[in-house]
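Q: First, the structure itself, so that you have it in front of you.
The values are calculated or read from the model by the stated rules, or taken from the named source; none is laboratory data. Quick caveat: nothing in here was measured; it's all calculated off a predicted structure. Here the Cβ positions follow ideal geometry from the backbone for every residue, glycine too, while neighbour counts run over all protein chains shown.
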Amino acid sequence: MLAPLIRCAALFAAGAALLAACTGRQSAPTETADQFVARVNREMTGLSRELNETGWIQATYITADSQSLSARALDRYLAYFSSAVKASRAYDGQQLSPQTARALQKLRLGVSAPAPEDPAKRAELTRLSTRLEATYGEAKFCVDGADHPDSCKGVDDLGEILATTRDYARLEKIWTGWHDQGAQMREDYARFIGLANEGAKELGFADLGAMWRSGYDMPADEFTAVAEKLWNQVKPLYEALHCYAGAKLAAKYGADKVKAGEPIPAHLFGNMWAQQWNRIYDDILMPYPSVRVESADRALKAQHWDAVRMTKSAESFYTSLGFQTLPASFWERSMLVRPRDREVVCHASAWDIDTQDDVRIKMCMKQTEEDLFTIYHELGHVYYYLSYKTLPYLFQDGAHDGFHEAIGDTVNLSVTPAYLTQIGLARAAKPSREAVLNAQMKLAAEKIAFLPFGKVVDEWRWKVFSGEIKPADYNRSWWELRRKYQGIAPPVVRDETQFDAGAKYHVPGNTPYTRYFLSFILQFQLHKALCDAAGFKGPLHECSVFGSKEAGAKFQQMLAAGASEPWQDTLEKLTGKREMDAAVIIEYFQPLMQWLAEQNKGRSCGWT
Ligand code: ASP
Ligand code: SER
Ligand code: ZN
């Protein structure tokens, strides 16, 4: 993900003059719209640092002090934001150049949780937001009980245990132990959402969900329909994979545990949220074990790849496309592994501290192929930051947030088995139909399995924000939606004393999630376009653009445009199309889908 909240900056260092200008009296503005936008760009550039620097310290060194400092920086930023948005209303109805109109529009959507104008409420919101992030970061489950402090583990370690354990009861224990951590965030979350909703309404949105849905260069309702259309396109792929996975898991854990025609227990997929299933590929999902190629996990350990080497590997992919090497400060200031002596937020993120060259990664990397892919993903954000750093502040963003998430994943689609062989992390597979199906299954376990989860998180939050879901129903509604979309169920009874949505980082972190759903579809479109640019001929799943300066040039051009134009224009320049479309991902997985259709014959697919 991107760094939470921190995209725009703090204000008021500029002092009283700005404050006066921003109180939003609707009298005739004293400056032209262009002057106003130029000033906001300047001030936000200058002020963004404080928020990012304090946010960085709060996430990499969780203490009462770092929280308090970061909450105060956020408070100043949100105050500036509200005032600037209000002041921008003075230009409503004026004839503006498209660039100026776009800058004002970007300004109005610049935060993921706007505060109410009342300073006391704003301070409460910033405290809650900081505390939620810290609580998630500090949360631990003590596997052997609280009197064994060494067994108390955060989500990074618990996730790794879940990924590598195959004992039903132990999996249930780990899964439950982590999910129970959500409960302590339940009340804070309800209050936080109430305040952010109030802020969104003051800005003229129906609720916070409507604000989030407004960031896509089309009316919010139209966007809802686009997301729905994309989901319906890919649903059959997911259902086929779900059916196959259910049969495999039943064979592994017993038909009494994984019942045909019913939702699958959520703790069996090798991932805490059952959002990506690649960790059970090797021993459960692989179609043809006789032609197995091991994942890179073992090679990474055997060859002593540490976090720096893994990051260098990602960097070398980008430089092979023509991107610059990372600045020295990146290596000095990033946090690549979990520090042993302090609390941190381990969820991986990429930071743009000063809108120039101070870019960083915060991550608790392990020697796994999964984390190798994640660091390739995070560097996608970093290269986006570096590519658009010359744009005005308000345009220093992704074409839309799904683009930002898609850059590194697009690169990852070029991390083919052949590429992994090339960098010494895999053994070459003899080309065969079986090898292709194995590789497709592995990727589907990551990309197709994710799609319903990518949809469900905000489906739930949109309803929470609109009031359709009340706090008293948080957990019931969460599991209803997860059952409906993912076809999974909790392994044990959950109730309203718990808060299972809170066990997923992006909920307490208040990071919108539809961006990932969009990214997982979009990245296939982008990959295809890059492969075309590289002159690749052949089936798309064999394409790697590693080393292609032609593909790199097109990619760079897209990244350099940032958010300066409607994303439809950006997409068209790269792909020739103005719409997000699942056709490419569907075509990509044709071999697997045909195979799954045969495999699933006679099975009772779906769930009640
Ligand atoms: N890049 C991931 C995400 O965007 C981070 C992770 O998987 O840890 O949230
Ligand atoms: N990185 C996102 C997450 O962790 C999507 O894969 O949820
Ligand atoms: Zn990301």
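Q: Would it be correct to say that F450 is more than 28 Å from A266 (Cα to Cα) and aromatic (F, W, Y)?
A: Against the criterion (more than 28 Å from A266 (Cα to Cα) and aromatic (F, W, Y)), F450 does not qualify.
Q: Which one of these is closer than 30 Å to P98 by Cβ and either part of a helix (DSSP H, G or I) or not aromatic (F, W, Y) (or both): Y419, Y383?
A: Only one candidate qualifies: Y383.
Q: Being touching a residue at least 40 places away in the same chain (Cβ under 8 Å), within 15 Å of M558 (Cβ to Cβ) and more than 10 Å from ligand 1 (Cβ to nearest atom) is the filter; apply it to the range 361-389 and report the residue that is surrounded by the most Cβ atoms within 10 Å (Cβ to Cβ).
A: It comes out as Y384.
Q: Another question, if that's okay. Can we say Y77 is under 24 Å from A200 (Cβ atoms) and modelled with pLDDT of 95 or more?
A: Yes: the conditions hold for Y77.
Q: From Y419, Y383, which residue is hydroxyl-bearing (S, T, Y), within 16 Å of ligand 3 (Cβ to nearest atom) and farther than 16 Å from F520 by Cβ? Don't jump to the end; show me each part of the working.
A: Numbers: Y419 fails: within 16 Å of ligand 3 (Cβ to nearest atom).
Among Y419, Y383, only Y383 is hydroxyl-bearing (S, T, Y), within 16 Å of ligand 3 (Cβ to nearest atom) and farther than 16 Å from F520 by Cβ.
Q: Which is closer than 30 Å to A38 by Cβ and either in a helix (DSSP H, G or I) or among the β-branched types (V, I, T) (or both), of T390, T311, T374, T325?
A: Within the list T390, T311, T374, T325, the selection yields T390.
Q: Touching a strand residue (DSSP E or B) at 6+ places or on another chain (Cβ under 6 Å) and more than 30 Å from A73 (Cα to Cα), is that true of G177? Before you say what the answer is, go through the steps one by one.
A: Working: touching a strand residue (DSSP E or B) at 6+ places or on another chain (Cβ under 6 Å): yes; more than 30 Å from A73 (Cα to Cα): yes.
Yes; evaluated as a whole, the condition is true for this residue.
Q: Suppose we keep only residues that are without any contact (Cβ under 8 Å) to a residue 40 or more places away in the chain and within 16 Å of ligand 2 (Cβ to nearest atom) within the range 414-461. Which one would you say is farthest from F373 (Cα to Cα)?
A: E459
Q: Next question. Could you tell me whether any residue of the range 34-52 is in a strand (DSSP E or B) and at pLDDT 60 or above?
A: No - not one qualifying residue is present in the range 34-52.
Q: Something else now. Looking at the range 127-142, can you tell me whether even one residue there is touching a residue at least 12 places away in the same chain (Cβ under 8 Å), part of a loop (DSSP other than H, G, I, E, B), crowded, with 18+ Cβ neighbours inside 10 Å and not charged (D, E, K, R)?
A: yes
Q: Hey, among E343, E370, which residue is away from ligand 3 (no atom under 16 Å from the Cβ) and among the acidic types (D, E)?
A: E343
Q: Let me ask something additional. If I ask for residues that are buried (at least 24 other Cβ atoms within 10 Å of the Cβ) and either within 15 Å of A139 (Cβ to Cβ) or in contact with a Lys or Arg (Cβ under 7 Å, 6 or more places away or on another chain) (or both), which ones from the range 508-519 would you list?
A: P508, F517
Q: Being over 30 Å from L596 (Cα atoms), acidic (D, E) and without any contact (Cβ under 8 Å) to a residue 24 or more places away in the chain is true for just one of D341, D358, D282, D306. Which residue is that? Full working, then the answer.
A: On the way: D358 fails: without any contact (Cβ under 8 Å) to a residue 24 or more places away in the chain; D282 fails: over 30 Å from L596 (Cα atoms); D306 fails: without any contact (Cβ under 8 Å) to a residue 24 or more places away in the chain.
Going through D341, D358, D282, D306 in turn, the sole match is D341.
Q: Just for helices (runs of 4 or more DSSP H) wholly inside the range 531-608: which have at least 2 residues that are over 25 Å from L249 (Cα atoms) and touching a strand residue (DSSP E or B) at 6+ places or on another chain (Cβ under 9 Å)?
A: Hits in the range 531-608: none.
Q: Of all residues in the range 346-374 being under 11 Å from N52 (Cα atoms) and not charged (D, E, K, R), which is nearest to ligand 2 (Cβ to nearest atom)?
A: The extreme case among them is W351.
Q: Any residue in the range 565-591 that's farther than 17 Å from S519 by Cβ: show its pairings with residues that are hydroxyl-bearing (S, T, Y) and buried (at least 21 other Cβ atoms within 10 Å of the Cβ) at Cβ separation under 9 Å, as long as the two are six or more apart or on different chains.
A: From the range 565-591, no pairs qualify.
Q: Moving on to the next point. Please work out which residue is nearest to Q58 (Cα to Cα), limiting yourself to the range 348-378 and to residues that are touching a Gly at 6+ places or on another chain (Cβ under 7 Å) and not aromatic (F, W, Y).
A: E378
Q: Take the residues of the range 247-259 that are in contact (Cβ under 8 Å) with a residue 40 or more places away in the chain and under 18 Å from R279 (Cβ atoms): which is surrounded by the most Cβ atoms within 10 Å (Cβ to Cβ)?
A: Once the filter is applied, the top-ranked residue is Y253.
Q: Cβ contacts < 7 Å: first residue closer than 25 Å to L158 by Cα and of a type in the set (F, W, Y), restricted to the range 503-522; second residue within 8 Å of ligand 2 (Cβ to nearest atom) and in a loop (DSSP other than H, G, I, E, B), any location; separation 6+ or different chain. Result?
A: Filtered contacts from the range 503-522: Y505/H347; Y513/H506.
Q: Can you go through L526, L518, L522 and tell me which one is assigned to a helix (DSSP H, G or I) and more than 16 Å from ligand 2 (Cβ to nearest atom)?
A: L526
Q: Next question. For the range 331-360, enumerate the residues that are within 16 Å of ligand 1 (Cβ to nearest atom) and charged (D, E, K, R). Write out each step before concluding.
A: We begin by selecting, within the range 331-360, every residue within 16 Å of ligand 1 (Cβ to nearest atom); these are 334-338, 344-352, 359-360.
Of everything in the range 331-360, those that are within 16 Å of ligand 1 (Cβ to nearest atom) and charged (D, E, K, R) turn out to be R338, D352, R360.
Q: When you scan the range 228-276, how many residues do you find that are in a loop (DSSP other than H, G, I, E, B), hydrophobic (A, V, I, L, M, F, W, C) and over 22 Å from the mean Cα position of the chain (by Cα)? Explain how you work it out, then say what you get.
A: Restricting attention to the range 228-276, the residues satisfying the condition of being in a loop (DSSP other than H, G, I, E, B) are 254-263, 269-276.
Cutting the leftovers down to hydrophobic (A, V, I, L, M, F, W, C) gives us 255, 258, 260, 269, 272-274.
Next, only the ones that are over 22 Å from the mean Cα position of the chain (by Cα) stay: 255, 258, 260.
The total comes to 3.
Q: Looking at V456, V464, which one is away from ligand 1 (no atom under 16 Å from the Cβ), in a helix (DSSP H, G or I) and farther than 30 Å from G576 by Cβ?
A: Testing whether each residue is away from ligand 1 (no atom under 16 Å from the Cβ), in a helix (DSSP H, G or I) and farther than 30 Å from G576 by Cβ leaves just V464.
Q: A further question on this structure: Yes or no: P417 modelled with pLDDT under 95 and away from ligand 1 (no atom under 12 Å from the Cβ)?
A: yes
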